[in-house]
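Taking it in order: structure first as structure tokens, then the write-up.
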Amino acid sequence: MDVGIIANPASGKDIRRLTAGASVVSNQEKKAIIKRCLQGLCSSASPKIHYFPDTHRIVSSAVGELGIPAEPLDIDPEGVAEDSTQAARMLKGCKLVISLGGDGTNRAIAKGWNDVPLIALSTGTNNALPAMLEATTAGLAAGCLVRGYVPITEVSVRSKMIRIELAGEQKGSDLALIDAVGTTDRFVGSKAITDTSKYLFAFLTEANPNKPGTAGIGGCIQLLDRCEERGLFI
């Protein structure tokens, strides 16, 4: 009964705090979320816990304060998205993985393990994929899944994925979980597009006006549920 934990210390802190007034999720709050989640998990199961040793020691501090045995992955983190991708590769075979981050964090995880059984807790900015859940409840749910009280196929939704082939690029293919957006901005993967005239197109896996970011824009045109076997191009 192995459970993995990946907490991204950089999530919830990018430039959109300045351009859009987005809220900040501190690493102290992330540690508190991990502690509540672990208390729920360990009250209903006794899993073997493996975690990504992030640069800010979020998870290691949490398990240390709780006195819960847990093993760090053999990774030398560099503070980049590839850290989460590498951690996901190393966690393959776990019963499930608990992540703390936003859409970008979970995209990085999917690049390392694209059918990962994931409980995604929201601590990012544009959070169309991860859910705003009470961490204790999420931990209790994780324990029920680990113990086999509930089949994971009965309570999970398989997320859609956009595969991107970059013609003429040595990097080859890439992927997105929520949206792939084309803009005239000069920087790849711009963190904040403040001029909407720069948008060219978007491919979406879900669209709802209640969602942030491009998924919300698409939702004003046509609703698209994450369970529907189709996408939306605008």
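What do you reckon, is C220 without any contact (Cβ under 8 Å) to a residue 40 or more places away in the chain, closer than 25 Å to A131 by Cβ and not basic (K, R)?
When the stated conditions are applied, C220 passes them.
With the requirement that a residue be open to solvent by less than 20 Å² (accessible area, probe 1.4 Å), of a type in the set (A, V, I, L, M) and either over 14 Å from S11 (Cα atoms) or in contact (Cβ under 8 Å) with a residue 60 or more places away in the chain (or both), what does the stretch 112-150 give you?
Matches in the stretch 112-150: L121, A128, A135, A138, A142, V146.
Which of the residues that make up the stretch 70-102 are open to solvent by 30 Å² or more (accessible area, probe 1.4 Å), closer than 26 Å to R16 by Cβ, in a helix (DSSP H, G or I) and charged (D, E, K, R)?
Matches in the stretch 70-102: E82 only.
Just one of the numbered conditions (1) out of contact with any Gly (no Cβ under 6 Å at 6 or more places or on another chain); (2) crowded, with 21+ Cβ neighbours inside 10 Å; (3) farther than 19 Å from H50 by Cβ is not true of T153; which one?
All conditions pass for T153, except number (2).
What's the number of the only condition in (1) in a loop (DSSP other than H, G, I, E, B); (2) surrounded by fewer than 11 Cβ atoms within 10 Å (Cβ to Cβ) that R226 fails to meet?
Among (1) in a loop (DSSP other than H, G, I, E, B); (2) surrounded by fewer than 11 Cβ atoms within 10 Å (Cβ to Cβ), the lone unmet condition for R226 is (2).
Inside the stretch 50-64, can you point out the residues that are under 18 Å from the mean Cα position of the chain (by Cα) and closer than 17 Å to V3 by Cβ?
Correct list: H50, Y51, F52, P53, D54, I58, V59.
When the stretch 118-158 is examined, which residues are found to be in contact with a Ser or Thr (Cβ under 7 Å, 6 or more places away or on another chain), among the small types (G, A, S), modelled with pLDDT of 90 or more and not in a helix (DSSP H, G or I)?
A120
Out of all the residues in the stretch 13-69, which are over 21 Å from Y149 (Cβ atoms), open to solvent by 70 Å² or more (accessible area, probe 1.4 Å) and among the small types (G, A, S)?
Residues satisfying the conditions are A20, S23.
Against the condition out of contact with any Lys or Arg (no Cβ under 8 Å at 6 or more places or on another chain), closer than 20 Å to A108 by Cβ and in a loop (DSSP other than H, G, I, E, B), how does F187 come out, does it pass?
yes
The values are calculated or read from the model by the stated rules, or taken from the named source; none is laboratory data. Just so it is clear, the model here is predicted, and its values are computed rather than measured. No Cβ is skipped: glycine too gets one built from the backbone with ideal geometry, and neighbour counts run over all protein chains shown. To get the accessible areas, we keep the full protein, side chains included, count just its heavy atoms, and leave off ligands, DNA and RNA. Shrake-Rupley method; radii C 1.70, N 1.55, O 1.52, S 1.80 Å.
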